[in-house]
Amino acid sequence: MTDFQTLYKERTNRMETAQRGGIPDRVPVYSLVDNWAFTYAGYSIEEIFADDEKHYHAFEQVAQDFYWDSMFTSCTSRAMNYVHALDGGSYQTKGLMQVETGHALSMEADEYDELIADPYRFIRDVVAPRKYGLLRMPYSEEKQRKYNEAIDYYFRFRALGASSVARFKDEHGMPISRGGVFWHPLDLLLDYFRDFAGTMLDIKRNPNKVAEACEALLPIVIELCEGAYPAHIDGKSIFNPMHSPQFLKPKDFEKVYWPTYKKAVEHFAAKGCVFQSYYERNYSHLYDYLQDLPKHSVFGLFEDDDMRVVKRRLGGMMSIGGGMETYTLNYGTKQQCIDMAKSLIDDLAPGGGYIFTTNRIPHAPNDANPENLKAVNEFVHEYGVYR
Amino acid sequence: MQRYDPMETNNEALIKNCIQDHLKIDDPAKQKAMEKLFIYNLLN
């Protein structure tokens, strides 16, 4: 076995044990770095989408320069060349990759029944022409040629993802945790159909219809997630960014989000998979629900929650990650950062099930000062040993 | 919001032609799976 194979196995076992709620040999140090990698490596976002080798190199630089036991991703999450070739979409690459306000709205409040009756047809014939210049053009040979070209970009992006995961394993012994991706149907409605204001109004005015749409979309999201990630692989998980619950009162969460979220987690738990739920902003109003999820099937990432309370309320049934504030990493001194990391390990590591990582996905250049990030990761690698 | 005539845009044929003629996928099960994937990937 090569050194990299041994390293990969050690890191995978560490991550798998911790994400199942167990006590590994040391607290895993987990990278949530996303677009931050580009600026760290000295590239603009335009450069990395023009050159796959630069795209790979940006993440490789992050893997090499900092201590990690596992990384969330080895490339970006959006095939932007494909989206640009379709001429539209919600995301723009202006310095950073972000959603432009109002660009997600592509469905009217009175169109739920059409979406529910046949989601695929509705997306293809109603939503997509509103989103993309290419999809609203009358059919022609030119339109076909351009669509084929867009699909080539899409497959090139997928190939970059697959090859980068293999290279990280073979050339650096680095596991990439993201096996599949699951979008909750309500988050799809918010991100791609009704935008924020529309979704929140729909939940107030017609929660049953929203819940019905979530039920109609659930089999699609599950099927597509399983297509990419059919069975559990140790150290990997299904990434599940949760956007809308932070804005929902418990009674609304119970109606429109919880039933389909619980079904999805139970479905994948029955297959032995781990759901890496990214609980954006604060979930303290929803802990009572989360306690009913299948035990040791969720690895919860928390942003603004008090991690000590999370550990007390949820630590018995899910593994938890987060706590290292990106604000402190960027603006604090090295000693302040190490003090914060030490306190997290002291309070959260006992009993296992804790994965050390940032409380935000580093996207922007000012999401972390590299020197501070390097110092805390090395500190946790040494200090986080279970004795 | 505007609606576009599916007979005119013919996005159904657009996607199916791409799978059959451009990607040369013959297996009907794979064609169907790819069609679903391509439609889902219009959510961006």
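In the range A:210-256, the residue that is farthest from residue A:193 (Cα to Cα) out of those that are polar (S, T, N, Q) and touching a residue at least 60 places away in the same chain (Cβ under 8 Å) is A:237.
Out of A:161, A:179, A:173, report the one residue that is at positive phi and either away from chain B (no Cβ under 11 Å) or buried (at least 20 other Cβ atoms within 10 Å of the Cβ) (or both).
On the way: A:161 fails: at positive phi; A:179 fails: at positive phi.
It is A:173.
Does residue A:210 satisfy the criteria of being touching a Phe, Trp or Tyr at 6+ places or on another chain (Cβ under 9 Å), aliphatic (A, V, I, L, M) and farther than 27 Å from residue A:273 by Cα?
Details: touching a Phe, Trp or Tyr at 6+ places or on another chain (Cβ under 9 Å): yes; aliphatic (A, V, I, L, M): yes; farther than 27 Å from residue A:273 by Cα: yes.
The answer is yes for residue A:210.
Taking the listed residues A:85, A:63, A:58, the one that is among the hydrophobic types (A, V, I, L, M, F, W, C), within 14 Å of chain B (Cβ to nearest Cβ) and in a helix (DSSP H, G or I) is A:85, with no other qualifying. Return a yes/no flag: does the range A:12-25 have any residue that is closer than 19 Å to residue A:160 by Cα, more than 20 Å from the chain's Cα centre (by Cα) and either at pLDDT below 95 or in a helix (DSSP H, G or I) (or both). No; the residues of the range A:12-25 include none that is closer than 19 Å to residue A:160 by Cα, more than 20 Å from the chain's Cα centre (by Cα) and either at pLDDT below 95 or in a helix (DSSP H, G or I) (or both).
Tell me, which residue of the range A:107-125 that is within 7 Å of chain B (Cβ to nearest Cβ) and crowded, with 21+ Cβ neighbours inside 10 Å is nearest to residue B:24 (Cα to Cα)?
Of everything passing the filter in the range A:107-125, A:124 is nearest to residue B:24 (Cα to Cα).
When residue A:368 is tested against (1) within 24 Å of residue A:16 (Cα to Cα); (2) in contact with a Pro (Cβ under 6 Å, 6 or more places away or on another chain); (3) of a type in the set (Gly, Ala, Ser), just one condition goes unmet, and that condition is (1). Tallying residues that are surrounded by fewer than 18 Cβ atoms within 10 Å (Cβ to Cβ) and more than 7 Å from every other protein chain (Cβ to nearest Cβ) within the range A:126-145 yields 5. Residues that are modelled with pLDDT of 95 or more, outside any loop (DSSP other than H, G, I, E, B) and either among the hydrophobic types (A, V, I, L, M, F, W, C) or surrounded by fewer than 20 Cβ atoms within 10 Å (Cβ to Cβ) (or both) within the range A:342-365 comprise A:342, A:343, A:344, A:345, A:346, A:347, A:348, A:355, A:356, listed in sequence order.
The values are calculated or read from the model by the stated rules, or taken from the named source; none is laboratory data. Note that the coordinates shown come from a computational prediction; the quantities given were computed from them, not determined experimentally. Positions of Cβ are generated from backbone atoms using ideal geometry, with glycine treated the same way; all protein chains shown enter the neighbour counts.
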